[in-house]
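Take a look at the structure below.
Readers should treat all values here as calculations from the given coordinates under stated rules, not as data from a laboratory. Computed from a predicted model, the values in this text were never measured in an experiment. Methodologically, a virtual Cβ is constructed for each residue, glycine included, from the backbone with ideal geometry; neighbour enumeration extends over all protein chains shown.
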Amino acid sequence: MMKRLGLGVGASALALAVGTVSHFEGKRNDAYVDPVGVVTICYGHTATARIGQTHSDEECERLLAGDLGDAFDAVDTRVRVDLPPTRRAALASFVYNVGSGAFGRSTLLRKLNAGDTVAACNELDRWVYAGGNELPGLVRRRDVERWLCLYAEYAPLAAGDS
């Protein structure tokens, strides 16, 4: 799975999140309307996107860095338990996609802060709808985010089996 994203699991949380977000968001330098009617540009940037805009690759990279920084800030501010890099990356990708407000109100965050990591990571499977419709791209994205979220829980067990 990580090979498809071009990353190893030893990569930093930032590198894992950039790989995940850029893979699933894709990049369009011209503004467009996404499947639920939100004007979007570059790697899923919405805050300042307007129809008719076009950004250079460099501008898209800056927007990605800023938006992903905001997502990491939301994770770091709201999560009260230690996070391994893979889980932190998964949560940042999730927040990048759904927004910090939705994350802050989520059962996922409540379960994570209560110490129920597996149940928290499994909540990601519920976030596959947009505009009332299940989107195949969100199903695939949540599968990767869930895998990253749970990686630290199960990787030691797999390593011990060898």
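Give the order of Cys60, Cys149 when sorted by the count of other beta carbons within 10 angstrom, beginning with the fewest. Before the final figure, lay out the partial values.
On the way: Cys60 18, Cys149 29.
Fewest to most other Cβ atoms nearby, the residues stand as Cys60, Cys149.
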Quiz item: Given Ala119, Ala74, Asn29, which one lies farthest toward the positive end of the charge dipole of the chain, if we put +1 on the Cβ of every Lys and Arg and -1 on the Cβ of every Asp and Glu?
Solution: Ala119
Exercise. With everything on Cα atoms, drop me the angle between helix 136-160 and the longest principal axis of the chain, reported from 0 to 90° to the nearest 10.
Key: 30
Quiz item: Most mobile of Thr86, Thr117, Thr54 per a Gaussian network model of the chain (Cα springs, under 10 Å)?
Solution: Thr54
Practice problem: With everything on Cα atoms, drop me the angle between helix 85-98 and the longest principal axis of the chain, reported from 0 to 90° to the nearest 10. | Solution: 40
Exercise. Take the Cα pairs of the range 98-152, get the Kirkwood Rh, then feed it into Stokes-Einstein at 25 °C and 0.890 mPa s and tell me D in µm²/s.
Key: 212
Practice problem: Would you kindly give the portion of the calculated P(r) for the range 66-160 that falls above 24 Å, as a percent of all Cα pairs? | Solution: 16
Quiz item: Helix 57-78: angle to the longest alpha-carbon principal axis of the chain, degrees 0 to 90, nearest 10?
Solution: 40
